[in-house]
1. Given a cut-off of 22 Å, name the pairs among K98/K249; K109/K290; K239/K281; K199/K238; K35/K333; K98/K176 whose C-alpha atoms lie farther apart than that in the structure shown.
2. Keeping every protein chain present and rolling a 1.4 Å probe, give me the accessible area per residue for segment 53-308 in Å².
3. Can you send over the carbon and sulfur percentage of the accessible area for segment 296-410, probe radius 1.4 Å, protein chains only?
4. Just want to confirm a number: the relative contact order over segment 53-308, from Cα pairs under 8 angstrom separated by 6+ residues, in percent.
5. What does DSSP give for the chain in terms of the percent of beta bridges that are antiparallel, rounded to the nearest 5?
6. When the chain is modelled as a GNM with alpha-carbon springs shorter than 10 Å, which of T99, T45, T273 fluctuates the most?
7. Out of A51, C112, L97, whose Cα points farthest toward the positive end of the dipole of segment 1-115 (charges: +1 Lys, Arg; -1 Asp, Glu; placed on Cβ)?
8. So if a site counts as exposed when it's one of the GluC sites (Glu not before Pro), its DSSP state isn't H, G, I, E or B, and it has at most 15 other Cβ atoms within 10 Å, what's the longest stretch of the chain without one?
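The values are calculated or read from the model by the stated rules, or taken from the named source; none is laboratory data. Source: prediction; values computed, not measured. All Cβ positions, even for glycine, are placed from backbone atoms using ideal geometry, and neighbour counts span all protein chains on display. In case anyone asks, the SASA skips ligands and DNA or RNA and just uses the protein heavy atoms, side chains included. Shrake-Rupley method; radii C 1.70, N 1.55, O 1.52, S 1.80 Å.
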Amino acid sequence: MAKINDNYLKLKAGYLFPEIGRRVRAFAEANPSAKVIRLGIGDVTRPLAPAVLKAFHAAVDDLATTDKFAGYGPEQGYDWLINAIIEKSYKPLGVSLKTEEMFISDGSKCDCANILDIFALDNVVAIGDPVYPVYNDTNVMIGRTGEADDKGYYKNIVYMPCNEANGFIPALPTRKVDIIYLCFPNNPTGVVAGKAELKKWVDYANANDAVIFFDAAYETFITDPAIPHSIYEIEGAKKCAIEFRSFSKTAGFTGVRCGLVVVPEEVTGTTSTGERYSFNKLWLRRTTTKFNGASYPVQRAAAAVYSDEGWTQTREIIDYYMENARIIREGLKEAGCTVYGGVNAPYIWLKTPGGMTSWDFFDKLLNECNVVGTPGSGFGPSGEGFFRLSAFGHRENVIEAVERIKKNLK
Ligand code: MLT
């Protein structure tokens with residue numbers, strides 16, 4: 001008899017975004033004439049930068065020739081892409097990395113989930129609350145947790161509340177933990193952490209022999225020059241941190257799929273018999289066994305992001321989204337809302353007016369303004385009473401959505 005992985009039964013509801021999609025589809029079916037504006041899931045809407053598209057096309061054409069045809073590539077990614085990222089994206093931050101320390105993948109969501117393969121189940125994990133749901137749910141799926149309590153907190157996970165009182169930056173855990181998830185610029189709150197803030201975490205991790213999973217998927221949206229783009233800008237981080245980055249939001253690859261993980265050689269853990277072992281070696285072993293690399297044309301397209309032309313065009317797209325963020329942020333403030341984020345991140349985190357629950361506000365916006373956002377409580381219990389709007393929409397839709405919300409709330 002085939003038995004199922006019972007851990008999946010511990011998961012509370014459907015994954016957040018499909019659940020929102022389901023509700024929006026039901027609304028649209030019942031109200032076919034409503035023009036629904038979607039500012040829920042952080043999905044990009046601008047076309048790929050022309051230089052990126054050109055490289056993508058050229059790589060597809062390579063596949064039509066015998067001399068440039070590409071079959072299986074290196075599982076961990078082509079050197080020409082890895083080295084371009086190291087040179088153009090890390091070196092300017094003062095961070096030097098070896099080619100062997102970076103792994104190209106088909107996206108950061110998978111990486112954040114798959115990394116758990118190389119860590120023992122009895123590690124104690126700390127995650128923010130609210131948080132990108134993937135961190136929580138993948139720990140449930142792999143069997144690290146017990147059941148959830150009434151609030152939705154799973155046994156064996158240390159939750160770090162992020163709220164108005166702490167500026168949505170979690171305090172260091174009061175009990176010893178082994179793995180810490182940090183995401184800055186943060187999804188969903190849009191807040192960023194400065195160097196001093198991150199240093200506290202790096203010091204904690206090094207003092208407690210813990211590993212930080214640093215999700216930097218939104219680093220290109222940082223506008224304040226004082227804010228670090230990489231955890232490795234912090235002294236000591238190469239000993240304790242694994243960093244995740246994504247081309248999804250940076251370069252409009254949500255449908256194209258490309259991400260990367262940095263696993264410095266110095267990051268180690270202990271075996272069950274107490275010897276030190278490098279996580280880089282384990283991740284390489286996992287990658288070469290379970291993955292055959294991101295596709296060749298995708299990696300060519302990703303490398304073109306770092307060409308002079310590609311980067312200028314990509315930056316223009318990022319600026320477009322950040323102007324959307326400004327429009328949403330300013331508009332909501334004019335409507336009397338308390339708002340966070342939206343300055344160094346493409347997400348605006350607002351306090352629901354009049355103390356409404358997140359899902360009540362979701363229904364209100366959907367029914368009365370035909371605007372879709374994401375209920376804060378979907379990111380964790382501490383997100384209750386908050387709501388996230390994404391800045392990745394078309395400009396005219398963003399303007400219209402803000403006007404509708406302003407009219408409704410005033
Ligand atoms: C989000 O809206 O939080 C993201 O688009 C989800 C993701 O990146 O997987």
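1. K98/K249; K35/K333; K98/K176
2. 42 Å²
3. Accessible surface attributable to carbon and sulfur in segment 296-410 totals 49 percent.
4. Relative CO of segment 53-308 lands at 26 percent.
5. Numbers: 22 of 40 bridges.
Antiparallel bridges make up about 55 percent of those DSSP assigns within the chain.
6. T273
7. Going by the Cα projections, it comes out as C112.
8. 1-146
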